[in-house]
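To keep things clear, I will list the structure first and then write my remarks on it.
The values are calculated or read from the model by the stated rules, or taken from the named source; none is laboratory data. For clarity, every value in this text was computed on a predicted model and none was experimentally measured. Cβ atoms come from the backbone with ideal geometry, glycine included; neighbour counts cover every protein chain shown. The protein model used for the area step is the full one, side chains on, heavy atoms only, and it has no ligands, DNA or RNA in it. Shrake-Rupley method; radii C 1.70, N 1.55, O 1.52, S 1.80 Å.
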Protein chains: 2
Amino acid sequence: MEKSELLYEGKGKKLFKIAGDDTQLIAEFKDDLTAFNAQKKSQEEGKGVLNNEISTIIFNEVMKHGIETHFIEKLNDRDMLVKKVDIIPIEVVVRNVATGSLSKRLGIEDGKILPFTLVEFYYKEDALNDPIINDDHAIIMELVDDRAELDVLRELGKKVNDILLPYFDSINLRLIDFKLEFGKTADGKIILADEISPDSCRFWDKDTNEKLDKDRFRQDMGGVKVAYETVRDRILGK
Amino acid sequence: MEKSELLYEGKGKKLFKIAGDDTQLIAEFKDDLTAFNAQKKSQEEGKGVLNNEISTIIFNEVMKHGIETHFIEKLNDRDMLVKKVDIIPIEVVVRNVATGSLSKRLGIEDGKILPFTLVEFYYKEDALNDPIINDDHAIIMELVDDRAELDVLRELGKKVNDILLPYFDSINLRLIDFKLEFGKTADGKIILADEISPDSCRFWDKDTNEKLDKDRFRQDMGGVKVAYETVRDRILGK
């Protein structure tokens, strides 16, 4: 199983083709840290290894509960074998607690527990700063085929939340919010793709509300790697 | 019918109470021009008179087609008698053609005819720059009582569009987009409020695509008053 051509380089991962294989790709988790649409950049040695490890476990967890994902297997420290899908250019953000851009944009108190699971769609387009969109926009820009697909994204986002909320609660982490990306398989099925890690989720310690995710980088709090390791260790039950 | 206490001063209108009357208000149309959330300000003598005249005719037009509004009667050049309502803090934007913030934010070509009537909700809150919201946000922030009310706003927006598109087309104007505000009557009915004017609509000349609305002010094109007069004169069949 060897990497051939680099198909795509994102902010957190590289995607490589596999020679003679049109159905699978290798995702390599990078150490790059970016925030605010990559206006802020850094590196954290070993972050990619941690995210590969965490994502592997979380993908297995949601798959155990019937969610289809692009995950096939962890190949080594940094590499994950995944199904090749056409990524839907919509970031599906699922929120349990108001913080970050939600609080800032709409004036909702930081830390406020939301009365229900909030789902937001953002158009995945760096050049435009990933703007928030509604259903009409998604259809007009042909980001999906029809409104039923938007309902599928919303429902899958909520299902993943329903699985992960108790999971993280059991290891003393509050799942504040997270971003999911989905892809379409060759036969048109929508499955979970990308990663689930402290790069894409906000985790607060259940007792202290200490931030254990990329907000430590966004907000210059330091201790980024220790936070990611804490999440990994709790997942592993260490 | 005399103005008593000033109840509210907005960017384009003042709302006055009427002594001894709890069900009606007087809306006074101002000459102030504002754009980009009032970061840009000016005055245009006679603009308020034109908007009062235009809004009066357009409110009558939509009411003729069964849309309930807060409009009661035009009192004089600048003043309109309206029903007192609780304004729903959602700006309902209805678009037929991409331009302005839609084109800029989502990269949709300026002037592109949309495949269907696009409806957007914005949270009416100057301090936050009227941010765009989705249905979940509106419910979480309790801007409406339930999701059915959001559907009512969407449907009323589209109905007004269905009435006004052919109306303006018949006087050689393209109705590009417009912003509506709605209010609730004492018995909880949602009715159209605010104004319908070149301050709140974009009109392009059908033959030349010349802008005949507040974009002339936003874009420093000059000829603001002449544009508003052109709209008024076409409405009057002059």
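Comparing the protein assembly as shown with the 2.2 N^0.38 Å rule of thumb, its C-alpha radius of gyration ratio is 1.14 (two decimals).
For residue A:126, the distances from its label point to the matching points in the remaining copies are 3.9 nm, ordered from shortest, with each point set 7 Å beyond Cα toward Cβ. Probing with 1.4 Å while keeping every protein chain in the model, the per residue accessible area of segment A:86-223 equals 40 Å².
The residues of segment A:126-169 listed by number as losing at least 20 Å² of accessible area in the complex, against the isolated chain and with a 1.4 Å probe, are A:128, A:131, A:132, A:134, A:136, A:137, A:140, A:141.
Across the copies of the chain, residue B:141 has label points (7 Å from Cα along Cα→Cβ) spaced 2.0 nm apart, shortest distance listed first. The amide H of residue B:125, built 1.01 Å from its N in the peptide plane, has B:130 as neighbours under 5 Å, considering only residues 5 or more places off or on other chains.
Model label points for residue A:2 and residue A:109, set 7 angstrom from Cα along the Cα-to-Cβ axis, are 6.0 nm apart. Take the Cβ atoms of residue A:42 and residue B:49, set R0 to 51 Å, and the FRET efficiency comes out at 0.30. For chain B, averaging the sequence separation of C-alpha pairs within contact (under 8 Å, six or more residues apart) and dividing by the residue count gives a relative contact order of 18 percent.
Here the alpha carbons of segment A:132-201 define both size measures, Rg and Dmax, at 13.9, 42 Å. Farthest toward the positive end of the dipole of the protein assembly as shown, out of A:221, A:138, A:196, is the Cα of A:221, where the dipole comes from beta carbon charges about the Cα centre. Distance from a point 7 Å along Cα→Cβ of residue B:169 to each backbone N in segment B:82-125: keep the residues under 15 Å and list them by number. The answer is B:96-97, B:113-117, whose backbone nitrogens lie closer than 15 Å to the label point.
Solvent-accessible area assigned to carbon and sulfur over chain B amounts to 46 percent, based on a 1.4 Å probe. Summarising the rotation from chain A to chain B, the nearest chain A beta-carbon to the axis and its distance in Å are given as A:134, 3. Label-point distances for residue B:219 to the equivalent site in the other copies, using a point 7 angstrom along Cα→C-beta, read 4.3 nm when ranked shortest first. This model, with +1 at the C-beta of Lys and Arg and -1 at the C-beta of Asp and Glu, gives chain B a dipole about its Cα centre of some 620 debye. Scanning chain B for GluC sites (Glu not before Pro) in DSSP loops with at most 12 neighbouring Cβ atoms within 10 Å leaves B:143-238 as the longest stretch between them. In this structure the amide hydrogen of residue B:177, modeled in the peptide plane, comes within under 5 Å of the amide hydrogens of B:96, B:202, none closer than 5 places in sequence on its chain.
Legend: translational diffusion of segment B:1-130 by Stokes-Einstein, Rh = Kirkwood radius over C-alpha pairs, 20 °C, 1.002 mPa s; D = 128 µm²/s. Rounded to the nearest Hz, the phi-derived 3J(HN,Hα) couplings of segment A:91-104 under the Karplus curve 6.51 cos²θ - 1.76 cosθ + 1.60 (θ = phi - 60°) are 8, 9, 9, 10, 10, 9, 9, 6, 6, x, 4, 4, 5, 5, where x marks glycine and proline. Its Cα centre serving as origin, segment A:3-83 has a Cβ charge dipole (Lys and Arg +1, Asp and Glu -1) of approximately 240 debye. Here is the interface size for A with B: some 2000 Å² of accessible area buried, both sides summed, with a 1.4 Å probe. When only alpha carbons of chain A are considered, Rg and Dmax amount to 17.1, 52 Å.
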